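Quick notes on the structure that follows.
The values are calculated or read from the model by the stated rules, or taken from the named source; none is laboratory data. Keep in mind that this is a model prediction, so the values were computed, not measured. Counting neighbours? That spans all protein chains shown, and the Cβs are built from the backbone with ideal geometry, glycine included.
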Amino acid sequence: YFSANAPSNCTVTEVYIDPCKEAAEGKPCKVRRGVTSNMTIHYTPNFSADTMVGRVFWASQLTDIPFLGMSSEACSSTTCPIAAGQSNVYHAQIPILKKYPVVSKLMST
């Protein structure tokens, strides 16, 4: 979880969302309920660690809601241990459940 309000623990160099037809036009991605999206983040950590926690949140006007059914154990989605200054990739499949409300923003970063 990369919070805009927290000190940066990583430098994020690239973020990919698939499917995202809108990316070719430089527009925000529109994901559909009932579809699994793939998110890939290229990052360089400013810390070293044996394990890492990763979470994806649904951004709403009141609070950020964690996606249901996603493991927070990030080593299954990135290479562990984490080495400070070494480029790494985090990949997660994000199920967009049909019961999620319709909003204009997929996740907070």
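Assorted remarks:
- The residues of the range 29-80 that are touching a Cys at 6+ places or on another chain (Cβ under 9 Å) and over 20 Å from LEU97 (Cβ atoms), listed by number, are ILE41, TYR43, THR44, PRO45, ASN46, PHE47, ALA49, ASP50, THR51, MET52, ALA74.
- ASP50 touching a residue at least 24 places away in the same chain (Cβ under 8 Å) and either touching a Ser or Thr at 6+ places or on another chain (Cβ under 8 Å) or under 18 Å from GLY34 (Cβ atoms) (or both): no
- Only strands (runs of 3 or more DSSP E) whose full extent lies in the range 1-101 are considered here, and the ones with at least 2 residues that are at pLDDT 85 or above and surrounded by 11 or more Cβ atoms within 10 Å (Cβ to Cβ) are 10-18, 35-45, 88-96.
- Residues in the range 53-75 that are of a type in the set (S, T, N, Q), closer than 27 Å to ALA23 by Cβ and without any contact (Cβ under 8 Å) to a residue 12 or more places away in the chain: GLN61, SER71.
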